[in-house]
Amino acid sequence: MTRPGARDRAEASARPAATPADRPPVLSIRGGALGFGDRVLWSGLDLEVHPGEFIAVLGANGSGKTSLLKAMLGEQRLDSGEVLVDGHPAHRGHRRIGYIPQQKIVAPGTPLRGRDLVALGVNGHRYGPPFTTRSDRLRVDALLAAVGATHYADRPLGSLSGGEQQRLRVAQSLADDPALLLCDEPLMSLDLHHQRGVSELIDARRRDHATAVVFVTHDVNPVLGMVDRVLYLAHGRFTIGEPDAVLRSDVLSALYGTPVEVIRARGRIIVVGAPDGDHHHEVVA
């Protein structure tokens, strides 16, 4: 048997790097279906999310986007099908999942400090009275530094801006070094500057640690350049694919069953005419 030589090493280095789809999925949904009463949110949903992949979930209000995240978190039981995380059924409190909730401004008088919020992600799962060890403090400091929040970590949450608070929630979601990061409208109510900052934090985590990201949003534009695939939910149906393959007039018209126009202007995408109940509106997608 010949030992590998310089030629073998050169050929190995010339091979393309592994893509997300080359690795086992972090998240799998097989035959997923969910409805409320007589209304079907989605059915027959098959989805695999691989390490380092960024999936944007779009759709009108009431299409089941947040319910989908709850199913991934093990908080929502499907009507049929299964949700697997690392090959095992999803369940509450899964340590391989990080979660960034919708932006909710903390009341001005709240005494909880920024580092206290992040510490809840580090030791909040433990039983008994809260007790912070030296390793916990070091972990909190590292998380604060990673999201650029060190300089306001000791200020009360209620004194911080929405963008500063959301950076702390990103830090909290990374406390357990998750393989999967679920984001539920994390940019809501943020100005453009903070939208960009929070989006870049999430994307940096994805790129540097191969963390898979499922990102629910009503506006894909702030993250469009980061997205690998789009899952679009509408009227009990769905379509999934690369952004350019999904965000098209013909594809969304077929999905909604009515004429829908996708407009691209100045690097932004706007979906016009998508029905929502008995109304018509513009969906920034």
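The values are calculated or read from the model by the stated rules, or taken from the named source; none is laboratory data. Computed from a predicted structure; not experimentally measured. As a convention, Cβ positions derive from the backbone with ideal geometry for all residues, glycine included, and neighbour counts pool all protein chains shown.
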Residue count, region 1-33, condition modelled with pLDDT under 95 and of a type in the set (A, V, I, L, M, F, W, C), comes to 8
Within region 229-273, of all residues that are charged (D, E, K, R) and part of a helix (DSSP H, G or I), the one nearest to SER63 (Cα to Cα) is ASP250
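Here is a yes/no grid of residues against (1) over 22 Å from the mean Cα position of the chain (by Cα); (2) of a type in the set (S, T, N, Q); (3) within 24 Å of GLY59 (Cα to Cα):
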{"site": "ILE100", "(1), (2), (3)": "no, no, yes"}
{"site": "GLY109", "(1), (2), (3)": "yes, no, no"}
{"site": "ALA119", "(1), (2), (3)": "no, no, no"}
{"site": "ASN123", "(1), (2), (3)": "yes, yes, no"}
{"site": "ALA149", "(1), (2), (3)": "no, no, no"}
With criteria (1) among the polar types (S, T, N, Q); (2) surrounded by fewer than 19 Cβ atoms within 10 Å (Cβ to Cβ); (3) without any contact (Cβ under 8 Å) to a residue 60 or more places away in the chain; (4) under 17 Å from GLN103 (Cβ atoms), GLN172 comes up short on (2)
Within region 91-122, residues being closer than 16 Å to LEU157 by Cβ and among the aromatic types (Phe, Trp, Tyr) number 0
Taking region 219-254 and keeping only residues that are farther than 22 Å from GLU185 by Cβ and more than 21 Å from the chain's Cα centre (by Cα), one is left with ARG248, SER249, ASP250, VAL251, SER253, ALA254
Within region 159-189, the count of residues that are in a loop (DSSP other than H, G, I, E, B) and either within 13 Å of LYS104 (Cα to Cα) or among the charged types (D, E, K, R) (or both) comes to 9
Those residues of region 189-216 which are farther than 20 Å from ALA145 by Cβ and modelled with pLDDT under 95 amount to SER189, LEU190, ASP191, LEU192, HIS193, GLN195
- Are any of the residues in region 131-150 more than 24 Å from LEU45 (Cα to Cα), in contact with a Leu (Cβ under 7 Å, 6 or more places away or on another chain) and among the hydroxyl-bearing types (Ser, Thr, Tyr)? yes
Condition set modelled with pLDDT of 95 or more and outside any strand (DSSP E or B), scope region 43-64, selection surrounded by the most Cβ atoms within 10 Å (Cβ to Cβ): answer is GLU53
Exactly one of VAL198, VAL223, VAL230 is out of contact with any Phe, Trp or Tyr (no Cβ under 8 Å at 6 or more places or on another chain), crowded, with 21+ Cβ neighbours inside 10 Å and under 25 Å from SER161 (Cα atoms), and that residue is VAL198
- prompt: Scanning for something exposed (fewer than 12 other Cβ atoms within 10 Å of the Cβ) and farther than 17 Å from ASP177 by Cβ, does region 111-118 turn up at least one residue?
  reply: yes
Picked from region 65-91 (must be aliphatic (A, V, I, L, M) and more than 15 Å from the chain's Cα centre (by Cα)), the residue surrounded by the fewest Cβ atoms within 10 Å (Cβ to Cβ) is LEU84
The condition of being basic (Lys, Arg), at pLDDT 90 or above and farther than 25 Å from ALA33 by Cβ holds, among ARG248, ARG266, ARG237, only for ARG248
All conditions in (1) under 25 Å from VAL85 (Cα atoms); (2) part of a helix (DSSP H, G or I) are true of SER135 except (1)
Per the filter on region 22-42, residues surrounded by 14 or more Cβ atoms within 10 Å (Cβ to Cβ) and either free of Cβ contacts under 8 Å to residues at least 12 places away in the same chain or outside any strand (DSSP E or B) (or both) are ARG23, PRO25, VAL26
